[in-house]
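What follows is a set of notes on a single structure, which appears directly below.
The values are calculated or read from the model by the stated rules, or taken from the named source; none is laboratory data. Treat the numbers as computed from the prediction; the structure is a model and nothing was measured. All Cβ positions, glycine included, derive from the backbone under ideal geometry; neighbour counts span all protein chains shown.
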Amino acid sequence: MRGHGDLLAALLACALCLCRGYTLRSSVSWVVSDNDVVEDADLSEEEEQVAPALLVDSAGLWKQAYPSASVLGDGAERSPAELAKPEGDTVAQLSSRLFSYRLEKVKTSGGASPPPHQETARTARYIAHYSDWGHLSTISTIDKIKGLPFGNIFSVSDGPSDNSTGVIYFYVTPMDNTVSDLKSNPYASLTFSEAEGEFCRQMVYDPEDPRCARLTLTGKMVEVAPEELALAKEAMFSRHPVMAKWPVGHKWFFMKLELVQVWLQDWFGGTSLVPIEDYFKATPF
């Protein structure tokens, strides 16, 4: 009996030893560089209460999951200590944000700021111009899914970075399933998300948050005419220079999307159908 007791005690000691050094943390995580590594440590009950303040260093490296004053633009920059201060009487209100997103000042595509959400045509042009790629949906000709929607990613451009045309150009190959679909049915929808750039991440907007704008351009995909080839080539190769070196054996050619509808969601309260005339009159700059 004594031998059994010693064995149980040894097993219990091993279990306790294996458990030592681990504490429960929030499931939110992120990728950090080697310079950003922060040593984890066990926290006592008293230390848990002051942990939020400890996580905000003098440089303001760690931020809470609500935007700082520099992001909200309320004109009053808050100190790290104020950012770490609980908003209520209990630490529980803050604990869910203990390990959260890192916020920095908002960086925007190409140095341009997103237009006000009320300017729907300009917002649509902004997203179309500053997006380097989009999701194109076609009606499939693949045997197993024939007649069903099929989506594919394409690099796109509406012009060089300093010249927006509003016309979306593509550089495609007949070897692509999507191009086969377009030969059968030339109509397609191209979707962009503002989540492609830095804006939504910096503002801590989920890609499905209405404030993280989404744009879907629907129309007819056509081959670029000879008189427009120089413009299409400049548009694509200036934004995607590697394309100029792609193998000629794939028979690459240029296409563009002739618009039928411009659909936009960039704020709460529903979506907007931007008149095509207004879309082309607007400027993203």
If a residue must be under 26 Å from G270 (Cβ atoms) and touching a residue at least 12 places away in the same chain (Cβ under 8 Å), how many such residues does region 202-243 contain? 14
Filter region 233-283 for residues that are of a type in the set (D, E) and closer than 19 Å to P114 by Cβ; which is modelled with the highest pLDDT? D278
Quick one: in region 238-285, which of the residues that are aromatic (F, W, Y), within 23 Å of the chain's Cα centre (by Cα) and part of a loop (DSSP other than H, G, I, E, B) is surrounded by the fewest Cβ atoms within 10 Å (Cβ to Cβ)? F268
Working carefully through the options T216, T271, find the one that is farther than 30 Å from M175 by Cβ and assigned by TED's automatic domain parsing to the domain that holds Y126. T271
Any residue at all in region 165-180 that is among the hydrophobic types (A, V, I, L, M, F, W, C), in contact (Cβ under 8 Å) with a residue 40 or more places away in the chain, in the same structural domain as W263 (by TED's automatic domain parsing) and in a strand (DSSP E or B)? yes
Residue hits (region 145-164; touching a strand residue (DSSP E or B) at 6+ places or on another chain (Cβ under 9 Å) and either assigned to a loop (DSSP other than H, G, I, E, B) or charged (D, E, K, R) (or both)) are K146, G147, L148, V156, D158, G159
Mind checking whether some residue in region 181-200 is in the same structural domain as V262 (by TED's automatic domain parsing), aliphatic (A, V, I, L, M), in a helix (DSSP H, G or I) and surrounded by 19 or more Cβ atoms within 10 Å (Cβ to Cβ)? yes
Check on V224, β-branched (V, I, T), over 21 Å from P114 (Cβ atoms) and surrounded by fewer than 15 Cβ atoms within 10 Å (Cβ to Cβ): no
